[in-house]
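One structure is given below, encoded as structure tokens.
The values are calculated or read from the model by the stated rules, or taken from the named source; none is laboratory data. Remember, it's a predicted structure, so these values are computed and weren't measured experimentally. Methodologically, a virtual Cβ is constructed for each residue, glycine included, from the backbone with ideal geometry; neighbour enumeration extends over all protein chains shown. These area figures cover heavy atoms from the full protein model, side chains too; ligands, DNA and RNA do not enter into them. Shrake-Rupley method; radii C 1.70, N 1.55, O 1.52, S 1.80 Å.
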Amino acid sequence: MTHTSQSSSLSIRSCVRNLLTVPLRVEQTKDRVEVHSSDCVSSFTSSEGGVDARAQEETLDDCVSVEFTQLAADYKAVNLGQGFPDFSPPKFVQEAFCDAVNGGPQMHQYTRAFGHPRLVKSLATFFSRVTGHEINPLEDVLVTVGAYQALFCAFQALIDEGDEVIIVEPFFDCYQPMVKMVGGKQVYVPLRPKAEGSLSSADWTLSAEELASKFTPRTKAIVINTPNNPLGKVYKTEELQMIADLCIKHDVLCISDEVYEWLTYDGNKHVKIASLPGMWERTITIGSGGKTFSATGWKVGWVISSGHIIKHMKTIFQNCVYHCPTAAQEAVARGFEREYELFGSPESYFQQLPAMLQHRRGKLASCLQSVGLQPIMPEGGYFMIADISSVKVDFNDDSTKDESYDYRFVKWLTKEKGLATIPVSAFYSPEHGKEFDKYVRFCFVKEEATLDAAEQILRKWSQEK
């Protein structure tokens, strides 16, 4: 293979990352963590040195949300599977969006590539108060096409071939393929219930010894999600401190997915790991305007981190999508400005939304219990998982006979009963999935009428048993 043909076969990602000199390690100095970098070699190469795109594609599993959302649509099922509200965003952000659309030609044109000025300023102002760290709106914030793209930019910019990434299970299902795409090695450690029959997500904990054993000289990052999808666990300060201590000891980055940060129940409080001593300089915090303001279709997300980390993500971003829709960013900015003024008051949407959802969480839990399923009460987030091991189902679909029990149950429930959910083993690695295939995930962030329809289906099934 000639040098010319070899060069032409390089992926855009490899070119961008080589120009960027992608960070390989972080080192603690007296005042900050320094990110060092080196050339990157693509992780999916052919025997002649070029990128084998087909090999990369074939190593990735199908997205569980895509598969089961399509199944729900095919069978016109009541959808408690996919994580989105079926109610409208609050009036104030709808009005902000309308005002933006009608706000003149500039709202229909490109804005600043790395984040609309009004939005990065409002995010920096708001989260400076939350974290206790003065956030620079132009250096420490990157606005992305949803939190999904924020995660993509983080893995692309910060993880190199051979780097180990610790992923706490259960995990949002894009973490695994995104690490795989850059040639990283996934290292898994599960949250486990303290005892059989645990009834709250608070009972699911990390083993300090098991977690510590996963850190090696090749560990580059750990990924956490709090409140957790699908479990609903909200990490306590002492749990986050355990993780922080290990990150500092081993000089490791922390990618903290916090898209459900305002959705906590029963007095639980979300704590940002970036606010702990020594963690600002090594934490990549992921946020979501869609989850914050119940407008998931707007696809406005962000990353907040130290500028020396964000600058690498900006290079990936500008060579990927370059820009996010201006009007949606303007609306989210106005939403945060309102919430800054009302923070902590009964009028705040960040108070009103979790109060409403706590009621709907209770409604779904009562329904599941009444038909013999055992819900694990979530401390936060959109979802509730339920133990299905006490119910026996006669599966008659031979096409699913080789699949795990939760996959078979979800497909049976969707096809035969018209209620869509998600199998929980999809949020685990192959090595741990079998331990957790007795759970399915329900989304309770729905209209009362949707939850009523689901309840009717479950009660009818219960009567047939």
Checklist line | Percent antiparallel among DSSP beta bridges (both partners in the stretch 154-235, rounded to 5) | finding: 15 percent
Checklist line | Compactness of the stretch 312-465 as Cα Rg over 2.2 N^0.38 Å, two decimals | finding: 1.35
Check: Which value at 222 nm does the chain reach when only helices count, each DSSP H run of 4 or more adding -39,500 (n - 2.57), with the total divided by all residues and rounded to the nearest 500 deg cm²/dmol?
Finding: -11500 deg cm²/dmol
Checklist line | Dipole-positive endmost among Gly297, Tyr110, Ser345 within the chain (Cβ charges, Cα centre) | finding: Ser345
Item checked: Rounded to 5, the percent of DSSP beta bridges in the stretch 91-342 classed as antiparallel -> 35 percent
Notebook entry, point to check: Which value, in debye to the nearest 20, gives the size of the charge dipole of the stretch 91-342 about its Cα centre, when Lys and Arg are +1 and Asp and Glu are -1 at the Cβ?
Noted result: 400 debye
Item checked: Sparsely packed trypsin sites (Lys or Arg not before Pro) within the stretch 79-137, loop by DSSP, other Cβ within 10 Å at most 16 -> Arg112
Next item on the list: Mind checking the stretch 250-350 for trypsin sites (Lys or Arg not before Pro) that DSSP puts in a loop (not H, G, I, E or B) and that have at most 15 other Cβ atoms within 10 Å?
Entry: Lys269
Check: Under the definition of Cα pairs under 8 Å and six or more residues apart, what whole-number percent is the relative contact order of the chain?
Finding: 21 percent
Margin query: With an 8 Å Cα cut-off and a minimum separation of 6 or more residues, compute the relative contact order for the stretch 91-342 in percent.
Written below: 30 percent
Next item on the list: Go through Ser404, Gly287, Gly418 and say which Cα lies farthest out towards the positive end of the charge dipole of the stretch 285-433; charges sit on Cβ, +1 for Lys and Arg, -1 for Asp and Glu.
Entry: Gly287
Next item on the list: Considering the options Thr216, Pro89, Asn268, tell which one lies farthest towards the positive end of the dipole of the chain, charges being +1 on Lys and Arg and -1 on Asp and Glu at the Cβ, about the Cα centre.
Entry: Pro89
Checklist line | Percent of alpha-carbon pairs separated by more than 24 Å within the stretch 120-265 | finding: 36 percent
Item checked: Cross-link pairs beyond the 19 Å C-alpha cut-off, checked among Lys415/Lys465; Lys194/Lys236; Lys91/Lys233; Lys392/Lys415; Lys233/Lys415; Lys76/Lys434 -> Lys91/Lys233; Lys233/Lys415; Lys76/Lys434
Checklist line | List Met242, Met107, Met279, ordered by accessible area with a 1.4 Å probe, largest first | finding: Met242, Met107, Met279
Next item on the list: Using every pair of alpha-carbon atoms in the chain, split the distances into 20 Å bins beginning at 0 and state the percent of pairs per bin, rounded to integers.
Entry: 24, 56, 20, 0
Check: Roughly what percent of Cα-Cα pairs across the stretch 91-342 reach past 32 Å?
Finding: 20 percent
Margin query: Please report the antiparallel percentage of the DSSP beta bridges confined to the chain, to the nearest 5.
Written below: 55 percent
Next item on the list: Sequence neighbours fewer than 8 away in the same chain don't count; with that in mind, list the lysines whose C-alpha is under 22 Å from Lys121.
Entry: Lys272, Lys291, Lys299, Lys311, Lys314
Checklist line | Whichever aspartates and glutamates have a C-alpha closer than 12 Å to that of Lys438, once near sequence neighbours (fewer than 8 apart) are set aside | finding: Asp387, Asp406
Check: In the stretch 236-337, which chymotrypsin sites (Phe, Trp or Tyr not before Pro) fall in coil by DSSP and have 11 or fewer other Cβ atoms within 10 Å?
Finding: Tyr322
